[in-house]
Structure formats: C-alpha cells, structure tokens
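Derivation of every value follows stated rules applied to the coordinates shown; laboratory data play no part. Please read all numbers here as calculations on a predicted model, not as lab measurements. Cβ sites come from the backbone with ideal geometry, for glycine too, and all protein chains shown count toward neighbours.
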2 protein chains.
Amino acid sequence: MSDDAARIRALITRWAEAVHRGDLDGVVADHTEDVVMFDVPPPHEGIRGLAAYRATWPPFFDWQAQGACFDIETLDVTAGTDVAYAQALLRCGTPEELAERPTLRLRLTFGLRKERDRWLIAHEHHSFPHD
Amino acid sequence: MSDDAARIRALITRWAEAVHRGDLDGVVADHTEDVVMFDVPPPHEGIRGLAAYRATWPPFFDWQAQGACFDIETLDVTAGTDVAYAQALLRCGTPEELAERPTLRLRLTFGLRKERDRWLIAHEHHSFPHD
C-alpha cells in the first residue's frame, strides 16, 4: 500500500471512530470548506459546504445513542498523487435492525484532494440500497 | 477546466447517453475489469467485476423502456494527474414518478483511474435518498 493510501485509510478510520463517539469536531477535522455530501436522508440535491455538513451530524448522534453501531467492515482506497477516492461498507444499525436484516450495510464513497501535503475529504456519498 | 476534467466530463456524458439508449456495449466501454458498483438495489456488498456490472443493466433497460428519463442535471469532476472522482445529480424516473416527486434525484459518484493515458471508471455509487 502506498504511503498516501495508508494516510487516507488512517484518516477515514479516525473519522469513523469520531462518528461513533459523537465527537463533532473530530468528524469535521479533515474536510474541505466546499465539501459536498450525498446523505442517506434528503435533501436530494446534497449537503453543500462545511457548515451544512457539520449540521447533519447531531441528529445522527441522537439516533446512534439508541445503541447503533458504525463499524467499518471493508475499506478500499485508490490514491493518486493529488486526488483520491475510497469506498467502504459499514455495519450501521441498532442491534434489533441488524438482527432482523443481517446483510444490511451502509455504503460510503469518499472523494479526497491533497492540499499543502494534507489529504482532505471533499465529497461523501452515504446510502443504503433500496430493497 | 483542465484537459483531464474535460475528458472525464465527456466520458461520463457518453456513458449516460449510452445508458439512455440501452446500448450495453457503450455503457461498459470505459470501465476497469475490477469495477465495484454500489447500485440502487441490493446486493448490499456491491457488484464486483465487469461481468457482474454488465449484468446489472438489462433489467434497468427494461424498466427504462416504460418511458423513464436518465438525464444529467449537474456533473462536477475533480481530476488529479492519475486518479479522479466525479459526482452527479440526474433526473431518473418515469413521467408519473417525477410529476409526483419533482425533486427526486439519482445521486451518482464515480471513481476513475488513468491507465496508459486513458481514463477508466473503477467505481460507481448510485443511490436515491431514503425519504
């Protein structure tokens, strides 16, 4: 694995741990000001800008506090010299939901840019399949 | 816009036109053998490999033949020297569906690699929000 891929893997792992702790500053620590997120809920046109991205998380943390997990199961990083993307599958649900639907996975795709030798997340796409 | 971004924009535009024509060879013309697709329907773990990717399209073409559109509304490309990603919003639905839910958008994220001076799609993530 390239050094860049290893750095991005560490960044996304830290991000997921911050999500699971409900640590809002940790969640937004490595994002660009112009981040665009396609989230699980609407709006259909996406969440645009770091302030709007930040505002999506407290309702998720409230839901997560019911005992839901947010665990990376697979993470694949494709790192170029200055742009990268990554895709991941996560177990994300309450114990009751995952008992009922054991194959349920949250799918994540990240787009990243390297700025001043630092990787930053500029795009996230979160979704569940429509059964 | 960089030359790479313009080439990727043209590639994705051709791909969407091939999807709308139901032109399967056109749809798979610029993909890697190891493409990974997170599709709207299951499987939750994704579609892996070009043969599996190809097999997802005929059922979509059958549905599209009811008169559904597949029109790119916005497309943003972030191209590095050797890796790129792009995000797009599409109008995708039958006239009845879009009349009932005018804000409905298909969200797409693409991951691309440059191989022998040619851009190829190695990852696609397709989703609708969960309302």
Condition first: among the hydrophobic types (A, V, I, L, M, F, W, C) and farther than 19 Å from A:Val83 by Cα. Now tell me which residues in region A:1-27 satisfy that.
A:Ala16, A:Ala18, A:Val19, A:Leu24, A:Val27
Quickly run through region A:6-22 and pick out the residues that are buried (at least 16 other Cβ atoms within 10 Å of the Cβ) and free of Cβ contacts under 8 Å to residues at least 24 places away in the same chain.
A:Ala18
Scope region A:81-95; condition touching a residue at least 60 places away in the same chain (Cβ under 8 Å) and at the interface with chain B (Cβ under 7 Å from one of its Cβ atoms); matching residues:
A:Thr81, A:Ala84
The listed residue being of a type in the set (A, V, I, L, M), farther than 26 Å from A:Thr103 by Cα and in contact with a helix residue (DSSP H, G or I) (Cβ under 8 Å, 6 or more places away or on another chain), out of B:Leu98, B:Leu112, B:Leu120, B:Leu89
B:Leu112
Of the numbered conditions (1) farther than 23 Å from B:Ile72 by Cα; (2) assigned to a strand (DSSP E or B); (3) of a type outside the set (Ser, Thr, Tyr), A:His20 fails exactly one; give the number of that condition.
(2)
Matching option when the condition is among the acidic types (Asp, Glu) and surrounded by 14 or more Cβ atoms within 10 Å (Cβ to Cβ), among A:Asp25, A:Asp3, A:Asp62, A:Asp39:
A:Asp39
Subset of region B:110-131 (residues that are over 10 Å from the mean Cα position of the chain (by Cα) and either β-branched (Val, Ile, Thr) or more than 7 Å from chain A (Cβ to nearest Cβ) (or both))
B:Leu112, B:Lys114, B:Glu115, B:Arg116, B:Asp117, B:Arg118, B:Trp119, B:Leu120
Criterion: at the interface with chain B (Cβ under 8 Å from one of its Cβ atoms) and either among the aliphatic types (A, V, I, L, M) or within 22 Å of B:Leu112 (Cα to Cα) (or both) - qualifying residue of A:Val40, A:Val77, A:Val27
A:Val40
Checked region B:23-44 for anything hydrophobic (A, V, I, L, M, F, W, C) and either in contact (Cβ under 8 Å) with a residue 60 or more places away in the chain or more than 15 Å from B:Phe60 (Cβ to Cβ) (or both); matches are B:Ala29, B:Val35, B:Val36, B:Met37, B:Phe38, B:Val40
Specify the residue that is nearest to A:Tyr85 (Cα to Cα); the eligible residues are those in region A:28-38 that are in contact with a helix residue (DSSP H, G or I) (Cβ under 6 Å, 6 or more places away or on another chain) and in a loop (DSSP other than H, G, I, E, B).
A:Asp30
Identify, please: which residue in region A:56-74 is touching a residue at least 40 places away in the same chain (Cβ under 8 Å) and among the aliphatic types (A, V, I, L, M) and is, among those, nearest to the other protein chains (Cβ to nearest Cβ)?
A:Ile72
